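Below: one structure, written as structure tokens.
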Amino acid sequence: MGGFPILSVMLLVPLLGAIACLFLDAKPARMVALLATLIDLALGIVLWANYDIGGAQWQFTERADLFAGFEYALGIDGIALMLIMLSVFLMPICIGASWEAITKRVGEYMAAFLLMEVLMIGVFAAQDIFLFYIFFEAGLIPMYLIIGVWGGQNRIYAAYKFFLYTLLGSVLMLIAMLWMVNESGTTSIPVLMQYDFAPEAQTWLWLAFFASFAVKMPMWPVHTWLPDAHVQAPTAGSVILAGVLLKLGGYGFIRFSLPMFPDASAEFGWLVWGLSMVAVVLTSLIALVQTDMKKLIAYSSVAHMAIVTVGLFAFNVQGLEGAMMIMLGHGLVSAALFLCVGVIYDRLHTREISRYGGLSINMPAYAVLFMLFTMAAVGLPGTSNFVGEFLALAGIYQANSWVAFVCTTGIILGAAYMLYLYRRVAFGEQKNADAAAMPDLTMREYLLLGPIAAAVLWMGIYPESFLAPMRADIEILDTRLAAAAPEGDAHFVMGEGAPAEEEHSEGGAH
Amino acid sequence: MDYAASFGLILPELILAASGLILLLVAAWGGDKAASTVSIAATIALGGAFALVVPSVCAGSSGPDRLAFSGLFTADAFAGLAKLMIFAASGAALMVAPRFFDRLNAMRAEFPVLILFAALGMSIMVSAADLVTLYMGLELNSLAAYVLAAILRDDERSAEAGLKYFVLGALASGILLFGISLTYGFTGTTNFTGIAIAVADGLSTGQLFGLTFVLAGLAFKISAAPFHMWTPDVYEGAPTPVTMFFASAPKVAAIALLARVALEGFGSQALAWQQIVIFAALLSIVIGALGAIGQQNVKRLLAYSSINNVGFILIGLAAGTLAGASAMMVYLAIYVVMTIGSFVAVLLMRDADGNPVEAVSDLAGLSTTRPVLAWCLMALMFSLAGIPPLFGFWGKFVVFQAAVEADLIALAAIGIAASVIGAFYYIKIVKVMFFDEPAGTVTGKSDTAHWALLAICAVIISPLGYLLTGWLGNLADMAAASLAVAI
């Protein structure tokens, strides 16, 4: 790519779009937002096409001495590339999802979303620890506004909860970062990823980072902000929240906690496993009894994210690759599910599951797509989530078979609540006349759901396209973790056939 | 050192003193009709003083040749940087005042003169190298400030604020003076350098008492908890331009002064005062945050916010290092901008008749009725809460960095966790402005001078402010380095 600062441009385009949107009326603001996000998507494709698989670990690096105390340093590896792709792919869809649903203060709404995009790309591309923090934390402001201004009935409570919960989680991380920089003398993330902190210090640092990422992820028991935020946020807000913002926690683990504090990560592996096991079972059961569609999907997100965390803390390549694949797959699938909810919410203005029923009769196209995403959420082979979940569970099985056992029940429970949801919404008799009269998907909705469906199938059928850029980075991480990795309990001992036979013959001689 | 050189060093103060006296005569003979002339002249005098201080700050001046009058007064870079903030904040107060007072027919010619004298007092405070100079500057500032608080003679709240400020201020001065006399008695000198030598090998009980009382007196002036009680009442009662002035300039002066006493005078006994400062810092953060939650008046809320911010500034001082002093100056600079911006936004809140409105509930739905004002105020609130990417975050960042570098990790962790409580009421203002239905109270037109000032503040606290970090950090580092610290 020569010297073209593509990452900075990807930050700049939505930023300028956001500023422009603030001063525009509804119609032009929508167009500007769509244009900006599409330009970013195009730039993202260029980025992927030019990413040199097997090349340098950090590519497209940029550096500028703009600030004191920290650097404006950008650069990506395969992991960041994939997450940036996820963000730029979902963003135009978010704008499209809000096209008709948002009618008040459209300019400000679009500006908030574009700002969100800047910050998300910034988080994944930042190579300076403080720059990362600024992007990471700044995301609170637009999200607070999105939930609070354009949210549902109980939006103010949800906005407060979201803001304060995540802020409290992250501030301690800042202190840990300050300590790390003071200790190591550098703010560069790539350098810090190689730096060996003293094991005692790692414990504290790991906990401080954990406080932040566990809330973002979200892990049980600090997940309670998520259902509130999801339910109250507008559809596109839920999409971006589930699609990308939840991935910040996982990205944090894979970029900071694991490589920077390998010893502490191993030491606290049990904690992560334990919380994840509880989360998988408990939140799946909670999801089973929800009557609100968005809440159901929100709880299912918590369960899926728990499988991400066990995969990350499996300390082997399969686990890490699986975790990354679930993050990508879940990003697409949960986004699509929220869009599916949004489609019928726009028609009937309720999220109550019992208000629908038999939609496959009057909305067949919708029912097909909804079915596809339901199956993907369940983890059916051929869809994106299968790849990730299989790898992650295979990874954790090597580390601890009990954790694998408990987490696998989550897949079964997942099938239960998702299929139950689907049955109640799409099948059965049409008991509500207004629901039965709803028209099928419009062109705009096809355009929103179609690309995601394609991506879900692509990821399920040929995951190599997505795994290839990340492979080298995950191997580097695995090598870094190898020394600290806890001993697994499930290593098979291959029995040798021949000696047994000898014994037998000896026995016969007696 | 001869007198000519000494007078050269105090030239900015001489300008302020002379122009203050001349303008007082103009005001006496010209009456209130001359108010605007006096205002403009006072602003020019402040600008002149500002320009004279700039070179010493940029050069990082320090050392014995910056001492005037046999070591009573120092014109080093630390004092210079504080003076720049003080003069800028005073100028801003002069800029916003006419429009506010004109409507009440209360624009008096004394107002700019009093601001000038207060600025002079503060300028002497930050340059004090001796406890007597310190007291002189402090009282000159305070006397002007008491009158300023009560300048709306017909307004009961203003009179109450003035009286309250006077009584409690006098008490604090008494405490301070008691501390000074104890310090003098047990060290045999009032000079900071002399004190540093006297306490170099440990504090005696008497010296410790002196130090404690001096710190208590100064804590009152910076409204650090537990000496903060006067702040909400005075801030609420005083006319808004005066409140803006109180929340910015005197804070800078008193904090710079506190840093100088602690680091220069008692720098070798950091352990003795660190505990006090840490206690005051954490208490201020918590009280500032909790106290603000229930407030219905924006000015009162900002008063608690200033208590909260002082707590963070004190964390920089608690670090007890030059990096801490430098971080403190950076925070102060950002704090002054945020404070001025917030109070200008309050000044811009007017109902249809042009009367000022101050209740939080009047802000409801401001984002639909006055979007620009709402967005600026939102940026200021998030900035005060220390949420990146706004510039207020940088202030918190540097003080916590200094605390972590000084190994005060527990202090940093508790302080930053408490800052989340503070975030609650800042985002509550945002909630009222953005999420609630419009109340339709704030409809009146506003002055261009106010808008200009708000725009400047908004640009500085916006993410563009980060481009200043190098320059600001550099100035603050040089300023801190010019402190003759005995650690």
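The values are calculated or read from the model by the stated rules, or taken from the named source; none is laboratory data. On a predicted model such as this, the values are computed, not experimentally measured, just so you know. Note that each Cβ is placed from the backbone with ideal geometry, even for glycine, and that neighbours are counted across all protein chains shown. Heads up: the accessible areas ignore ligands, DNA and RNA and are worked out on the full protein's heavy atoms, side chains in. Shrake-Rupley method; radii C 1.70, N 1.55, O 1.52, S 1.80 Å.
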* To do: Inspect all residues belonging to the range A:190-205 and state whether any of them is touching an Asp or Glu at 6+ places or on another chain (Cβ under 6 Å), away from chain B (no Cβ under 14 Å) and in a helix (DSSP H, G or I).
  => yes
* **Residue in the range A:152-163 that is touching a Gly at 6+ places or on another chain (Cβ under 7 Å) and open to solvent by 20 Å² or more (accessible area, probe 1.4 Å) present** => yes
* Is it fair to say A:Leu178 is at pLDDT 85 or above, within 10 Å of chain B (Cβ to nearest Cβ), surrounded by 23 or more Cβ atoms within 10 Å (Cβ to Cβ) and closer than 30 Å to A:Tyr195 by Cα? -> yes
* Just a yes or no: is a residue in the range A:108-124 within 11 Å of chain B (Cβ to nearest Cβ), part of a helix (DSSP H, G or I) and of a type outside the set (A, V, I, L, M, F, W, C)? -> yes
* Structure fact -> Being touching a Phe, Trp or Tyr at 6+ places or on another chain (Cβ under 8 Å), open to solvent by 10 Å² or more (accessible area, probe 1.4 Å) and modelled with pLDDT of 85 or more narrows B:Ala28, B:Ala88, B:Ala35 down to just B:Ala88
* Asked: Would you call B:Phe382 within 11 Å of another protein chain (Cβ to nearest Cβ), over 30 Å from B:Thr321 (Cα atoms), part of a helix (DSSP H, G or I) and touching a helix residue (DSSP H, G or I) at 6+ places or on another chain (Cβ under 7 Å)?
  -> no
* Does the range A:1-56 hold any residues that are open to solvent by 30 Å² or more (accessible area, probe 1.4 Å) and among the charged types (D, E, K, R), and which are they? -> A:Asp25, A:Lys27, A:Arg30, A:Asp52
* Complete set of residues in the range A:134-154 that are in a helix (DSSP H, G or I) and more than 7 Å from chain B (Cβ to nearest Cβ) -> A:Phe135, A:Phe136, A:Pro142, A:Met143, A:Ile146, A:Ile147, A:Trp150
* **Pair list, Cβ under 8 Å, 6 or more apart: the range B:391-410 residue facing another protein chain (nearest Cβ under 8 Å), other residue open to solvent by 30 Å² or more (accessible area, probe 1.4 Å) and part of a helix (DSSP H, G or I)** => B:Gln401/A:Asn182; B:Gln401/B:Ala323; B:Val404/A:Trp179; B:Val404/A:Asn182; B:Glu405/A:Asn182; B:Glu405/B:Ala323; B:Ile409/A:Trp179
* May I ask you to list the residues in the range A:376-405 that are closer than 13 Å to A:His304 by Cα and open to solvent by 30 Å² or more (accessible area, probe 1.4 Å)? => A:Phe386, A:Phe390
* What are the residues in the range B:131-156 that are β-branched (Val, Ile, Thr) and either in contact with an Asp or Glu (Cβ under 9 Å, 6 or more places away or on another chain) or free of Cβ contacts under 8 Å to residues at least 60 places away in the same chain (or both), if any? -> B:Val147, B:Ile151
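How many residues does the range A:347-365 hold that are of a type outside the set (Ser, Thr, Tyr) and loosely packed, with under 14 Cβ neighbours inside 10 Å?
So the count comes out to 4.
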* Asked: Across the range A:436-450, what is the number of residues that are closer than 12 Å to A:Gly96 by Cα and surrounded by 15 or more Cβ atoms within 10 Å (Cβ to Cβ)?
  -> 4
* Evaluate the following for A:Ser212: is it small (Gly, Ala, Ser), assigned to a helix (DSSP H, G or I), within 14 Å of another protein chain (Cβ to nearest Cβ) and open to solvent by less than 10 Å² (accessible area, probe 1.4 Å)? => yes
* If you go through the range B:447-459 one residue at a time, how many are closer than 24 Å to B:Phe391 by Cβ and either at the interface with chain A (Cβ under 9 Å from one of its Cβ atoms) or in contact with a helix residue (DSSP H, G or I) (Cβ under 6 Å, 6 or more places away or on another chain) (or both)? -> 6
* All but one of (1) modelled with pLDDT of 90 or more; (2) open to solvent by 10 Å² or more (accessible area, probe 1.4 Å) hold for A:Tyr133; which doesn't? -> (2)
* Asked: Quick one: is A:Leu66 buried (at least 22 other Cβ atoms within 10 Å of the Cβ), of a type outside the set (Ser, Thr, Tyr) and not in a strand (DSSP E or B)?
  -> no
* Looking at (1) surrounded by fewer than 19 Cβ atoms within 10 Å (Cβ to Cβ); (2) part of a helix (DSSP H, G or I), can you tell me which one B:Asp407 breaks? -> (2)
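Looking for whichever is open to solvent by less than 30 Å² (accessible area, probe 1.4 Å) and either under 25 Å from the mean Cα position of the chain (by Cα) or among the hydroxyl-bearing types (Ser, Thr, Tyr) (or both) here; the options are B:Ala59, B:Ala18, B:Ala49. Which one fits?
Selected residue: B:Ala49, the only one of B:Ala59, B:Ala18, B:Ala49 that is open to solvent by less than 30 Å² (accessible area, probe 1.4 Å) and either under 25 Å from the mean Cα position of the chain (by Cα) or among the hydroxyl-bearing types (Ser, Thr, Tyr) (or both).
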* **Lone qualifier among A:Glu445, A:Glu429 - being in a helix (DSSP H, G or I), at pLDDT below 90 and either within 23 Å of A:Gly331 (Cα to Cα) or touching a Gly at 6+ places or on another chain (Cβ under 7 Å) (or both)** => A:Glu445
* To do: Would you mention how many residues in the range B:435-487 are open to solvent by less than 30 Å² (accessible area, probe 1.4 Å), among the aromatic types (Phe, Trp, Tyr) and part of a helix (DSSP H, G or I)?
  => 1
* the range B:62-73: number of residues that are under 17 Å from B:Asp477 (Cβ atoms) and surrounded by fewer than 18 Cβ atoms within 10 Å (Cβ to Cβ) -> 1
* In the range A:297-338, the residues that are aromatic (Phe, Trp, Tyr) and assigned to a helix (DSSP H, G or I) -> A:Tyr299, A:Phe338
* Structure fact -> Checked A:Ile79, A:Ile95 against criteria (surrounded by 24 or more Cβ atoms within 10 Å (Cβ to Cβ) and in contact (Cβ under 8 Å) with a residue 12 or more places away in the chain); the one match is A:Ile95
* Sort out which residues of the range A:46-89 are among the acidic types (Asp, Glu) and either within 14 Å of chain B (Cβ to nearest Cβ) or closer than 18 Å to A:Gln194 by Cβ (or both), and write them in order of number. => A:Asp65, A:Glu71, A:Asp77
* To do: Only residues that are open to solvent by less than 10 Å² (accessible area, probe 1.4 Å) and at the interface with chain A (Cβ under 7 Å from one of its Cβ atoms): list them for the range B:420-434, please.
  => B:Ala423, B:Ile427, B:Phe434
